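Working notes for the structure below.
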Amino acid sequence: MRIEIPREFDRLGAVRIYGLQKIYELDAGPGPEAPGSDDAIVRSLPADALYGVQREMAIVVPVRSERLKLIEGVLVGIPNSCLVIVVSNSPREPIDRFFLEQESIANFCRFTHKQVVIVHQKDPAIGAAFAAGGYPELLDDTGCVRNGKAEGMMIGTVLARMMGRRYVGFVDSDNYFPGAVNEYVREYAAGFLINGGAHTLVRISWHSKPKIVEQSLYFAKWGRSSRHCNHALNRLLSHHTGFETEIVKTGNAGEHALTLDLAMSIRYATGYAVEPFHYIDLLEQYGGVFPTEHGDMRHLIRICQIESRNPHFHENKGEDHIADMIRGSLSTVYHSRLCPPSLQQEIDAELRQSGLLKEGETLQPVHTYPSLERLDLAKFTAIAQEVVERRVGAPGSPA
Ligand code: GDD
Ligand code: MG
């Protein structure tokens with residue numbers, strides 16, 4: 001892969017946010033560049049080195065009622081060297097969709113020898129494992145993990161840790177293009193190669209999202225939610241650095257990856273607010289604005305943003321869903337301890353103007369979860385191990 005090196009970064013305390021990096025070649029060859037031919041603007045990353053990172057990576061695929069063909073396409077795109085963890089929250093009644101997913105994935109694994117673990121978000125054993133590990137916050141009244149994409153991601157993260165991986169990446173299961181999925185995973189690996197394996201967060205900014213406008217294809221750059229979300233995060237950052245910035249391009253990035261150490265220490269917000277809240281949490285904890293337990297500014301947190309080349313094409317989930325996502329993302333900024341009253345007023349006005357907040361309504365805070373560091377992994381594993389063994393899709397074994 002040939003990738004631009006970041007030209008700039010903004011820094012708040014220990015958090016460095018790098019500018020968007022462009023991809024120049026998806027495949028730049030197997031070995032290192034001949035000495036002297038690599039210049040300072042772009043870097044060639046050997047395919048072997050990318051594979052080396054992928055072998056230590058788990059890719060978590062959250063699923064809720066997606067079409068089986070789409071899920072299979074996503075699995076086709078994930079490189080064989082990665083461990084795949086599918087966390088499904090699909091209904092089991094009146095039709096057991098989870099059973100169909102398991103069967104289809106097991107069948108797929110027979111042909112590909114792919115290592116895939118599939119678990120259900122509501123599996124009582126997963127709930128029991130979190131309870132035993134001393135992390136009841138994630139559970140509902142019945143002792144099962146709560147609904148939501150973030151909640152599924154948290155299960156996947158802990159399973160990746162349990163299975164000894166060093167990196168964890170996320171890929172949505174409703175992606176129409178296996179080639180795009182393949183690119184995202186290779187870019188995660190590129191981000192870790194460039195930034196080292198310490199506290200790194202890699203986020204993908206889609207090059208474009210095709211839609212039909214006036215009967216022809218239009219390659220839109222920014223979705224509605226990301227436009228609002230990036231602007232609010234940049235305003236927040238500018239307030240604290242004193243310099244106006246547009247560095248954040250990936251506030252909502254569903255496609256992102258973290259070193260497992262970082263994924264276990266970060267806090268999570270429920271549902272779709274999870275991605276912008278990663279920015280907020282890192283800035284609150286490591287930005288040096290408040291005295292926290294993370295006072296050591298030498299331990300850099302690197303946020304690397306990479307612009308993918310494939311268009312992103314996924315299921316259309318409707319207007320209400322987008323409105324919820326905008327409110328959720330802006331709420332993470334609005335209710336942050338870092339948010340000044342002037343930005344709160346701006347966000348409030350923006351939401352009212354676009355009809356997303358009605359007369360008499362206020363922007364509700366999103367529910368957040370503490371860091372997964374407090375989970376006793378040994379106690380979690382003692383229960384969850386059996387679930388994972390039951391669910392590994394390998395040649396010949398029913399998942
Ligand atoms: N396990 C699990 N549990 N998965 C879920 C749940 C749940 O409760 N709800 C949704 N998912 C899965 C979906 O099946 C899909 O694969 C993925 O999570 C994303 O959900 P979508 O409903 O397709 O979200 P989106 O496409 O509108 O938004 C995506 O992109 C945004 C950036 O534009 C998400 O990744 C957002 O988180 C992201 O901010
Ligand atoms: Mg989607």
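Within the listed set 316, 80, 107, the residue fluctuating most in the Gaussian network model of the chain (springs between alpha-carbon atoms under 10 angstrom) is 316.
Among 357, 318, 345, which residue has its Cα positioned farthest towards the positive end of the charge dipole of the chain, with +1 placed on the Cβ of Lys and Arg, -1 on the Cβ of Asp and Glu, and the dipole taken about the Cα centre? Farthest towards the positive pole: 318. Mean-square fluctuation check for the chain, GNM, Cα pairs under 10 Å: which of 242, 169, 143 is largest? Comparing 242, 169, 143 in a Gaussian network model of the chain, the most mobile one is 242.
Computed from backbone phi, the HN-Hα couplings of segment 117-124 come to 10, 10, 10, 9, 4, 9, 4, x Hz, rounded to whole numbers (Karplus: 6.51 cos²θ - 1.76 cosθ + 1.60, θ = phi - 60°; Gly and Pro given as x). Per-residue ellipticity at 222 nm from helix content only, as computed over the chain with -39500 (n - 2.57) for each DSSP H run of at least four residues, stands at -12500 deg cm²/dmol. Taking a sphere under 12 Å around the Cβ of residue 345 and counting the other residues whose Cβ falls inside, with K and R at +1 and D and E at -1, yields a net charge of -1. Stretching residue 22 away from residue 95 to a fully extended chain increases their span by 21.9 nm, per 0.36 nm per residue minus the current alpha-carbon distance. Taking Cβ atoms as reference points and 13 Å as the exclusive limit, the residues near residue 133 contribute a net charge of 0, counting Lys and Arg as +1 and Asp and Glu as -1. The listed residues 120, 314, 239, once ranked by accessible area (1.4 Å probe) with the largest placed first, stand as 239, 314, 120. Tell me, what is the FRET efficiency for residue 227 and residue 386 to the nearest 0.05, using R0 = 45 angstrom and their Cβ-Cβ distance as r? After rounding to 0.05, the efficiency reads 0.50. Applying a DSSP loop filter and a limit of 11 other Cβ atoms within 10 Å to the trypsin sites (Lys or Arg not before Pro) in segment 350-386 leaves 358. Using a cut-off of 26 Å between Cα atoms, the listed pairs 149/221; 114/209; 209/249; 249/317; 122/317 include 114/209 as exceeding that distance. Taking the Cα centre of the chain as reference, the dipole from Cβ charges on Lys and Arg (+1) and Asp and Glu (-1) amounts to some 320 debye. Restricting to segment 2-391, what percent of DSSP beta bridges are antiparallel, rounded to 5? Close to 50 percent.
For residue 43, the amide hydrogen comes within under 5 Å of the amide hydrogens of 3, 4, 5, counting only partners 5 or more places away or on other chains and with H modelled in the peptide plane. Listed by chain and number, the aspartates and glutamates placed with their C-alpha closer than 15 angstrom to that of residue 69 are 101, 103, 172, 174, 315; residues fewer than eight positions away on the same chain are left out. Electrostatic bookkeeping for residue 166 treats Lys and Arg as +1 and Asp and Glu as -1; over the other residues with beta carbon under 10 Å from its beta carbon, the sum is +1.
The values are calculated or read from the model by the stated rules, or taken from the named source; none is laboratory data. Fair warning: this is a prediction, and the values are worked out from it, not measured in the lab. Note: ideal-geometry Cβ built from the backbone for every residue, glycine included; neighbour counts use all protein chains shown. To get the accessible areas, we keep the full protein, side chains included, count just its heavy atoms, and leave off ligands, DNA and RNA. Shrake-Rupley method; radii C 1.70, N 1.55, O 1.52, S 1.80 Å.
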